[in-house]
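Comments concern the structure below.
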Amino acid sequence: MKKDFLKYQAQTTPHPLGLEVSHAQGSYIHTTDGQSHLDFVAGVSACTLGHSHPKIVQAIKDQAEKYLHVMVYGEYAQQPAVELTKLLAENLPDGLNKTYLVNSGTEAIEGALKLARRATGRTQILAAHQAYHGNTMGSLSLMDFEERVQPFRPLVGDIAHIKFNDTSQLSDITVQTAAVILETIQGGAGFIEPQNDYLKKVKARCEETGALLILDEIQPGFGRTGKLFGFQNYEVVPDILVMGKGMGGGLPIGAFTASEELMDLLSDNPKLGHITTFGGNPLIAASALTTLQELLHSQLIPDTLQKETLFRKHLKHPLIQEIRGRGLMLAALMKNSEIADRVVLEAKDRGLILFWLLFEKRAVRLTPPLTISSEEIVKGCGIIVDILNEIAAE
Ligand SMILES: Cc1ncc(COP(=O)(O)O)c(C=O)c1O
């Protein structure tokens, strides 16, 4: 299978990890060679309830027997999407009560950028250095990483950058600014949390200037940081909230949420301000709805904080400089990137799945399913520490 994977399927890097997947259940991915791999990555923060959670599988089966795609987004009332957007509104602060469902995180970012320009009549978007918001043209244009964006110029215009957590640059937000877009916790940059009320200060400056605050919760959202959404840890409410990844319970989804007043601008003057065929797809919405219900009706969200403590307790080693992040959005910062590389690759051979971050190359990603057990955390941390002991002894 790997030979055909490399030959026929377009690749993103010259050296993919290339595990040959047979099936996956709970915290484990099983490969065609009969090996089991404990998953500390969860499809890059996507498999919130672990692999093939029985309630999600049942919801998908039940919906598949009723109907699949019946119409483009926005024309027909379909129960899974209606219930999902209603439950979201009931669990979000006032002002975040209308959700547009799309197919991926990056598409949700595109929708949010369009909404901000439409709502303010302004064009400038401010994004953060080392931010990642996706890879379609608009999202890519937000990325301040010359090597990755240069081959694709010209990008979307009127985008400038500020440094995350640097309040001296808040004056860059002006009456020209349509929106400031930030990841609530910066992912690819190294799981960097906002410090010293940074997000509150950004929001205050946005209010002064009439700019909108867009928070990208595609990674921290859906319970990973001890709250349903990461922003709820920092006493701030965005004007537009963007979500994806862990929302879908293992199926592809994205969404952006705003007030009714803002969101209605996309359906009027001009109407069809954003269009998608498959957004709100009933199968995917059923999976997302079940994920959200399970998160809200269990202890999984608060438990992420106890699980964080367990990771921090069992990942003490002189070659680990720091554990960054919150809840189950953690990154272990190694002394250097060579050590991080070896840990990821050697863990793979010992039945533990780890992964890198996009920009911070010293980091090893620790974003397991929220359903991971204490025993599984201790077991995986033991494998990491064993590898580090061997490296230290060389
Ligand atoms: C913070 C953030 N925003 C946006 C995206 C893009 O999401 P997608 O890959 O679903 O388009 C990602 C994906 O890694 C992400 O982590």
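For the chain, give the percent of accessible area contributed by carbon and sulfur heavy atoms, probe 1.4 Å, rounded to a whole number. Ligands and nucleic acids excluded, carbon and sulfur give 52 percent.
Based on alpha-carbon atoms, the Kirkwood radius and the radius of gyration of the stretch 170-219 give Rg/Rh equal to 0.99. Kirkwood analysis of the stretch 1-96, using all unique Cα-Cα pairs, places the hydrodynamic radius at 17.1 Å.
For the stretch 131-259, the solvent-accessible area of protein heavy atoms averages 35 Å² per residue (probe radius 1.4 Å; ligands and nucleic acids excluded). Between the stretch 141-158 and the stretch 295-370, the C-alpha centres lie 30 angstrom from each other.
In the chain, inverting the average of 1/r over every pair of distinct C-alpha atoms gives 21.7 Å as the Kirkwood radius.
Helix 105-120 and the long axis of the chain differ in direction by around 30°, with both axes built from C-alpha atoms. Computed with a 1.4 Å probe over protein heavy atoms only, the accessible surface of the stretch 325-373 comes to 31 Å² per residue. A simple charge model with +1 on the Cβ of Lys and Arg, -1 on the Cβ of Asp and Glu and nothing else charged puts the dipole of the chain at about 300 debye relative to its Cα centre. For the chain, modelled as a GNM whose springs connect Cα atoms under 10 angstrom apart, the maximal fluctuation among G210, G121, G279 occurs at G121. 222 nm [θ] for the chain, helices only, -39500 (n - 2.57) per DSSP H run of 4+, per residue, to 500? The helix-only estimate for the chain comes to -10500 deg cm²/dmol at 222 nm. Rounded to the nearest Hz, the phi-derived 3J(HN,Hα) couplings of the stretch 308-314 under the Karplus curve 6.51 cos²θ - 1.76 cosθ + 1.60 (θ = phi - 60°) are 4, 4, 5, 4, 5, 5, 9, where x marks glycine and proline.
Working from Cα positions, state the angle (0 to 90°, nearest 10) between the long axis of helix 79-90 and the longest principal axis of the chain. Helix 79-90 sits at roughly 90 degrees to that axis.
Counting only DSSP beta bridges with both residues in the stretch 173-279, the antiparallel share comes to about 40 percent. Computed with every protein chain present, the accessible area of L300 is close to 20 Å² [probe 1.4 Å]. At the listed q of 0.17, 0.22, 0.23 Å⁻¹, the Debye profile of the stretch 314-365, built from one uniform point per Cα, gives log10 I(q)/I(0) equal to -0.46, -0.79, -0.86.
In 10 Å bins starting at 0, how do the alpha-carbon pair distances of the stretch 77-201 split up by percent? So the P(r) values, bin by bin, are 12, 36, 37, 13, 2. Heavy-atom accessible area with a 1.4 Å probe sorts Y8, Y234, largest first, into Y8, Y234.
Around the Cα centre of the stretch 343-383, unit charges on the Cβ atoms of Lys, Arg, Asp and Glu (plus for the first two, minus for the last two) sum to a dipole of about 140 debye. Looking at the chain, the DSSP beta bridges with both ends there are about 60 percent antiparallel.
The residue list L92, I60, A112 was ranked by how far each Cα lies along the charge dipole of the stretch 57-125 toward its positive end, using unit charges on Cβ atoms, and A112 comes out on top. Residues H23, H161, H274 ordered from highest to lowest accessible area at a 1.4 Å probe: H23, H161, H274. Centroid-to-centroid, using Cα positions, the stretch 198-261 and the stretch 47-107 are 18 Å apart. Helix 282-296 and the long axis of the chain differ in direction by around 70°, with both axes built from C-alpha atoms. Within the stretch 246-373, the ratio Rg/Rh, alpha carbon atoms throughout and Rh by Kirkwood, equals 1.10.
Among the trypsin sites (Lys or Arg not before Pro) in the stretch 266-326, those located in a DSSP loop and surrounded by at most 16 other Cβ atoms within 10 Å of their own Cβ are K271, K316.
For the stretch 129-142, 3J(HN,Hα) computed residue by residue from phi via the Karplus equation (6.51, -1.76, 1.60; θ = phi - 60°) reads 4, 6, 7, 10, 10, x, 10, 7, 4, x, 4, 4, 5, 7 Hz, glycine and proline entered as x. Can you list residues from other chains, or at least 5 along the same chain, whose modelled amide H is less than 5 Å from the amide H of L366? Result for L366 returns L330, A331, A332.
The values are calculated or read from the model by the stated rules, or taken from the named source; none is laboratory data. Since we're looking at a predicted model, the values are computed, not measured. Because the Cβ atoms are built from the backbone with ideal geometry, glycine has one as well, and the counts that use them run over all protein chains shown. With ligands, DNA and RNA removed, areas are computed over all heavy atoms of the protein, side chains included. Shrake-Rupley method; radii C 1.70, N 1.55, O 1.52, S 1.80 Å.
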